[in-house]
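As structure tokens, the structure follows; a few thoughts come after it.
The values are calculated or read from the model by the stated rules, or taken from the named source; none is laboratory data. Given the structure is predicted, the values throughout are model-derived calculations rather than measurements. Here the Cβ is made from the backbone with ideal geometry for all residues, glycine too, and neighbour counts use every protein chain on show.
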Amino acid sequence: MTDKIDFKKDLDAYRARRDQFRIVDVPDMQYLMIDGHGDPNTSPAYTEAVEALYPVAYRLKFASKRDLGRDYVVMPLEGLWWAEDMGSFTVSRDKSRWDWTLMIATPDWIDQQMFDAAVKQAGSKDHPARLGDIRLESLSEGVCVQTLHVGSYDDEADVLARMHHEFIPDNGLRMVGKHHEVYLSDPRRVAPEKLRTILRQPVRTTTDPHEQARHEPDARGIEPARSGHSPAGAAGLRQRDHTDDPR
């Protein structure tokens with residue numbers, strides 16, 4: 001039996017400081033994912049998505065420890081966010097127009113068979129309403145700009161404006177993909193003004209057309225897989241090749 005692994009302590013992608021923008025190289029990673037639309041504060045779909053993700057995430061953790069002898073800390077909730085008019089996201093904050101994908105990262109040794117078994121177990125006991133909408137999928141972000149926001153989710157706009165309109169263009173970069181948030185605090189237990197959230201934006205250089213062509217994201221902002229991208233220490237959360245998955 002190996003020691004319990006806490007990937008968020010090992011991966012540089014989960015390190016960020018308040019009032020400091022960093023350029024980081026995020027490894028390809030595998031996630032439990034579920035999509036939705038609307039205000040996360042009022043949308044039943046958002047609540048149901050969270051209620052579906054966690055039972056599967058914990059069943060995978062327990063199965064990994066029991067069957068493989070590999071224990072790990074369940075990763076924090078994460079989200080990809082976007083809107084047809086991004087002004088409704090960064091300026092007017094019209095949450096009713098937002099699209100999102102909620103995610104929990106999983107180790108790369110979790111395969112489709114383990115995922116299917118965990119979903120079946122969750123369905124037999126917890127009966128989450130949106131259990132059938134969860135998928136196991138990899139996400140390739142690569143070079144990103146990120147910072148730590150401390151405070152209410154509603155107060156992110158100023159930080160995002162500085163990231164999008166100052167730091168990114170000032171460093172010869174352009175935005176690609178979806179806005180990404182990593183929720184390091186539990187809003188049920190932490191006051192809004194103390195919430196810690198990593199704000200991340202995938203970027204590419206403005207002068208490399210080959211990079212743009214090779215890594216153009218699809219309609220959901222999920223980019224093609226790349227080889228040789230994961231840095232040392234990222235093993236375990238790198239993407240799996242699901243080409244032969246029966247999904």
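Which fully enclosed helices (runs of 4 or more DSSP H) of the stretch 18-129 have 1 or more residues being modelled with pLDDT of 95 or more?
Working: elements: 44-63, 87-90, 112-125.
Qualifying helices (runs of 4 or more DSSP H): 44-63, 112-125.
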Quickly run through the stretch 15-39 and pick out the residues that are surrounded by fewer than 21 Cβ atoms within 10 Å (Cβ to Cβ) and either hydroxyl-bearing (Ser, Thr, Tyr) or within 13 Å of GLU78 (Cα to Cα) (or both). ASP35
Taking only the stretch 16-33 into account, find how many residues are among the acidic types (Asp, Glu) and closer than 19 Å to ARG196 by Cα. 1
Criterion violated by ASP155 - all others in (1) in contact with a strand residue (DSSP E or B) (Cβ under 9 Å, 6 or more places away or on another chain); (2) at pLDDT 95 or above; (3) under 24 Å from VAL24 (Cα atoms) satisfied: (2)
Residues within the stretch 98-124 that are farther than 23 Å from MET29 by Cα and without any contact (Cβ under 8 Å) to a residue 24 or more places away in the chain, tallied: 3
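Quick check on the stretch 86-101. Is at least one of its residues within 20 Å of LEU136 (Cα to Cα) and either in contact with an Asp or Glu (Cβ under 6 Å, 6 or more places away or on another chain) or surrounded by 21 or more Cβ atoms within 10 Å (Cβ to Cβ) (or both)? Walk me through how you get there before you give the answer.
Of the stretch 86-101, the ones within 20 Å of LEU136 (Cα to Cα) are 99-101.
Adding the requirement that they be either in contact with an Asp or Glu (Cβ under 6 Å, 6 or more places away or on another chain) or surrounded by 21 or more Cβ atoms within 10 Å (Cβ to Cβ) (or both) leaves 100-101.
So far as the stretch 86-101 goes, yes, one or more of its residues are within 20 Å of LEU136 (Cα to Cα) and either in contact with an Asp or Glu (Cβ under 6 Å, 6 or more places away or on another chain) or surrounded by 21 or more Cβ atoms within 10 Å (Cβ to Cβ) (or both).
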For the stretch 112-159, give me each residue that is more than 17 Å from the chain's Cα centre (by Cα) and hydrophobic (A, V, I, L, M, F, W, C). MET114, PHE115, ALA117, ALA118, VAL119, ALA122, ALA129, LEU131, VAL150, ALA157, VAL159
Under 7 Å by Cβ, and 6 or more places apart or on different chains, what pairs join a residue from the stretch 176-193 that is closer than 16 Å to LEU148 by Cα and modelled with pLDDT of 95 or more with one that is assigned to a loop (DSSP other than H, G, I, E, B) and polar (S, T, N, Q)? PRO192/SER152; GLU193/SER152
Please verify whether ASP39 is farther than 23 Å from LYS178 by Cβ and among the acidic types (Asp, Glu), treating the condition exactly as stated. no
Could you count how many residues in the stretch 160-174 are surrounded by fewer than 20 Cβ atoms within 10 Å (Cβ to Cβ) and within 17 Å of TRP81 (Cβ to Cβ)? 4
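Let's see how each residue does on (1) part of a helix (DSSP H, G or I); (2) modelled with pLDDT under 50; (3) among the acidic types (Asp, Glu); (4) farther than 19 Å from LYS8 by Cβ:
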site	(1), (2), (3), (4)
THR197	no, no, no, no
HIS210	yes, yes, no, yes
PRO217	no, yes, no, yes
ARG226	no, yes, no, yes
Residues satisfying the stated conditions in the stretch 138-159, i.e. crowded, with 18+ Cβ neighbours inside 10 Å and assigned to a loop (DSSP other than H, G, I, E, B): SER140, GLU141, GLU156
